[in-house]
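A quick write-up on the structure given underneath.
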Amino acid sequence: MNDRPFPAEEPDMGNRSIPILAAAALLALPASLAAKPPDSWDGLIRVEAKRVAAVYLLQDADFRGYSKVMIDQPEVAFKKDWRRNFNMSQRSAAAKVGDADIRKAIDRAKASFMEALVEAYAEAGYQVVSEPGPDVLRVSTAIVNLAVDAPEQFSSARSRSFAAQAGEASLVVEARDSVSGSLMGRAVDRRLAGDTSGGGPYMRNSVTNRADFEQLFRRWARISAEGMTKLKTMSPVNAQGQRAQ
């Protein structure tokens, strides 16, 4: 399994409404980022992060004026060559993953993560809106490097798949002022879905895989919303990730 915390797969580019796609920004990351994240990125400064791999903020960013969020449709992309590698391991043509299977998985992931984001931000006290405004923060997200460790066979033959986890994915979240488009913050993370490595391999199928990834999406959504609330209480935030004096 790839241990790099940041994805290298190009995201699905179907949603053209985002000014600068958060997922596309990931492609600018150097390969050495896993060893030591850069101190700055696109004018943002890296600050201490406890719940995700890395957080970058605009110097003296002030989130206090935002009481509403406009959430863009998430971008989703599988890990580079995942389908090819999986299909090469399958002897039966019926067991291989096709274009329709990938498209369905991407559409489900988008819908699931969008639902989780809307719910998490609403629970955190933000009004979710569809239009920009002076009190509206625009939140863009991408789930990339998505991989399923033991996808259910698509053949009619009886088979069982076992794996220590359902798979893995990487997340990027960007926060922008909805009117000016100014980039105020970015967070990136990588996690396993349905990790049972402490107890040995677990039988996997499409139902358990979907449940495990949906749980991961909900966790990321809560971290995003709660992190935004924390930034509001700390604003303006200095280069040390603390409230500016």
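Just so it is clear, none of the values below were taken in a lab; they were calculated from the coordinates. Note that the coordinates shown come from a computational prediction; the quantities given were computed from them, not determined experimentally. Cβ: placed from backbone, ideal geometry, glycine included. Neighbour counts: every protein chain shown.
Overview of results
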quantity	calculated
By average C-beta atoms within 10 angstrom, highest first, the peptides 106-115, 83-92	106-115, 83-92
Long-range HN-HN contacts of S235 with modeled amide H, under 5 Å	F63
Proximal lysines relative to K80, as straight alpha-carbon distance under 23 Å, when same-chain residues fewer than 8 apart are discounted	K36, K96, K104, K110
